[in-house]
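Below: one structure, written as structure tokens.
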């Protein structure tokens, strides 16, 4: 088979010399020989595989932009695949990002960068987005899907780090460690025991019993705490933890309340004056979930009134775009009031900021990005149907992988199969998610001219969002 190439519906880039110049304008991806380890099935990119390596384009022409100081493990995986990788330590304002993203095939971000519809519309060559974090609310997922751009994240890799931070905060609040440390830093010796407690025998209420909440449950029980939790679905408890019927029940019974819910319309502002009223007098609140979940002015009032004995916040409704002296009244009107409170731990969104978590996130997302670019594997995508085909064997030298992302409308499969009907389809899989569907098919015994014809025929279908061909 001739050196490999990929055909894509966006942009214009030169194709392999062996391909007719008459169809140069249909390729957005460079198309020289590409040797990258097969990753179907999730094996690390560095492992030796007996599967045939797909060669979609010249790796040195694949442009990757990584923002917000993505961990070196992710950078190394993408560079190891041969891509051009540019790293920027901070997030970029929208107008600057629009200029930067125009020629990018892959972008990696964390929580600060906002990939709006306007930004995505400017990204003419963008194939895939990697969120090197848990959340994806910083990306317009629906618009990305409509443009045929897959989005991946790392939903579980930092769970342990967040759970351990909560345990530390529970003890620090119970012993007022933040205040004592601040006082001693300023020269004041203040040895007191009033209002300081052991955590053994106290009740921890977990709101949201997912991967973080359930790990936290085990750690808290090991310290002798009683654990109860509230979740919108019935979940099996770990250890001797107990699920409460309502949020109100959980708050009324807990000495410490910790929040671990995603940012959704239902959770935005879910913790306000009413919820603080349900809590025990002298209890504590910890929020390492999303800044939009807690009404900050209501928290300030609960602290000042003595309803709460302390609180810990790692996330905020508004957060600076980078490190520096930005946590002040210019960020939000309530910042100065918040900073003035006693026994209040304020941290700058560091729940998952450990070497272990960031390394795991870099590996998970970096490998997902390479698998998608190289093989079209969408397992783990948050805005696309999850579709994958088994790897090609080394003897399948004349096999083409067709990826057809299309609008989820009636009659598409019939029309696609009419295009593929004159060829030997070895395997095919399709699935839909909302208004977007994703089809993968491996076709054997095809030559360059047939690839050209298949591509043009699929592109002409009115349902087409994006067509990719890997071989």
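The values are calculated or read from the model by the stated rules, or taken from the named source; none is laboratory data. Just so it is clear, the model here is predicted, and its values are computed rather than measured. Methodologically, a virtual Cβ is constructed for each residue, glycine included, from the backbone with ideal geometry; neighbour enumeration extends over all protein chains shown.
Here are the numbers:
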quantity	calculated
Contacts under 8 angstrom Cβ, first residue in the stretch 75-96 being assigned by TED's automatic domain parsing to the domain that holds residue 120, partner part of a helix (DSSP H, G or I) and surrounded by fewer than 13 Cβ atoms within 10 Å (Cβ to Cβ), 6 or more apart	82/60; 83/60; 84/60
Within the stretch 253-269, considering residues that are free of Cβ contacts under 8 Å to residues at least 40 places away in the same chain and surrounded by fewer than 18 Cβ atoms within 10 Å (Cβ to Cβ), the one nearest to the chain's Cα centre (by Cα)	264
Residues of the stretch 105-126 satisfying the condition of being over 16 Å from the mean Cα position of the chain (by Cα) and either surrounded by 23 or more Cβ atoms within 10 Å (Cβ to Cβ) or not in a loop (DSSP other than H, G, I, E, B) (or both)	105, 117, 118, 119, 120, 121, 122, 123, 126
Residue match in the stretch 318-341 (condition: touching a strand residue (DSSP E or B) at 6+ places or on another chain (Cβ under 6 Å), under 23 Å from residue 295 (Cα atoms) and at pLDDT 95 or above)	no
Qualifying positions in the stretch 333-352 - more than 21 Å from residue 274 (Cα to Cα) and buried (at least 17 other Cβ atoms within 10 Å of the Cβ)	335, 343, 345, 349, 351, 352
Residues that are surrounded by 15 or more Cβ atoms within 10 Å (Cβ to Cβ) and touching a strand residue (DSSP E or B) at 6+ places or on another chain (Cβ under 8 Å), drawn from the stretch 432-443	432, 436, 437, 438, 439, 440, 441, 442, 443
Output for the stretch 415-428, where each listed residue is in contact with a strand residue (DSSP E or B) (Cβ under 7 Å, 6 or more places away or on another chain) and surrounded by 15 or more Cβ atoms within 10 Å (Cβ to Cβ)	416, 420, 423, 426, 428
Test: residue in the stretch 318-327 that is without any contact (Cβ under 8 Å) to a residue 60 or more places away in the chain, surrounded by fewer than 20 Cβ atoms within 10 Å (Cβ to Cβ) and within 30 Å of residue 252 (Cβ to Cβ)	no
Test result for residue 301, within 30 Å of residue 175 (Cβ to Cβ) and either at pLDDT 95 or above or not assigned by TED's automatic domain parsing to the domain that holds residue 109 (or both)	yes
Scan of the stretch 304-317 for residues that are part of a loop (DSSP other than H, G, I, E, B) and touching a residue at least 60 places away in the same chain (Cβ under 8 Å), ordered by number	314
Residue tally, condition within 19 Å of residue 318 (Cβ to Cβ) and either over 29 Å from the mean Cα position of the chain (by Cα) or not assigned by TED's automatic domain parsing to the domain that holds residue 241 (or both), over the stretch 270-298	2
Scope the stretch 58-79; condition touching a helix residue (DSSP H, G or I) at 6+ places or on another chain (Cβ under 9 Å) and surrounded by fewer than 17 Cβ atoms within 10 Å (Cβ to Cβ); matching residues	72, 76
